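The values are calculated or read from the model by the stated rules, or taken from the named source; none is laboratory data. What you see is a predicted model; the values in this text were computed from it and never measured. Because the Cβ atoms are built from the backbone with ideal geometry, glycine has one as well, and the counts that use them run over all protein chains shown.
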């Protein structure tokens, strides 16, 4: 495995662990209430702006993943889509780059 692929993989792992730490901390403190979490994401204009920024980035990443997977016939790369929406762009983007950087038969 190349150094670049190892960096992408490390970033994907860190991009999964760090957000999940904060999400789980919030859930332990406030209970598993997705509605309350969404309210917390919209507590002020700065938080709302960040949510929209990440939502638009996730949508753009999803379009890119689908387009690249279609052209390259690399269906495994599609796993980066649920990683993006279930964990975040911080995991989905480096995961997709990791998968895209591998040789495709």
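Test residue 29 against the stated conditions and say whether it is out of contact with any strand residue (DSSP E or B) (no Cβ under 7 Å at 6 or more places or on another chain) and surrounded by 14 or more Cβ atoms within 10 Å (Cβ to Cβ).
Details: out of contact with any strand residue (DSSP E or B) (no Cβ under 7 Å at 6 or more places or on another chain): yes; surrounded by 14 or more Cβ atoms within 10 Å (Cβ to Cβ): no.
So residue 29 fails the test.
Among the residues in region 1-24, are any in a helix (DSSP H, G or I), without any contact (Cβ under 8 Å) to a residue 12 or more places away in the chain, farther than 21 Å from residue 92 by Cβ and out of contact with any helix residue (DSSP H, G or I) (no Cβ under 7 Å at 6 or more places or on another chain)?
yes
Pick out the one residue from 27, 23 that is closer than 23 Å to residue 81 by Cα and at pLDDT below 95.
On the way: 27 fails: closer than 23 Å to residue 81 by Cα.
Matching residue, one of 27, 23: 23.
Tell me which residues, restricted to region 56-76, are exposed (fewer than 13 other Cβ atoms within 10 Å of the Cβ) and in contact with a helix residue (DSSP H, G or I) (Cβ under 9 Å, 6 or more places away or on another chain).
Those that are exposed (fewer than 13 other Cβ atoms within 10 Å of the Cβ) and in contact with a helix residue (DSSP H, G or I) (Cβ under 9 Å, 6 or more places away or on another chain): 72, 75, 76.
Quick one: residue 102 ticks every box in (1) surrounded by 12 or more Cβ atoms within 10 Å (Cβ to Cβ); (2) over 16 Å from the mean Cα position of the chain (by Cα); (3) on the phi > 0 side of the Ramachandran plot except a single one, so which number is it?
Among (1) surrounded by 12 or more Cβ atoms within 10 Å (Cβ to Cβ); (2) over 16 Å from the mean Cα position of the chain (by Cα); (3) on the phi > 0 side of the Ramachandran plot, the lone unmet condition for residue 102 is (3).
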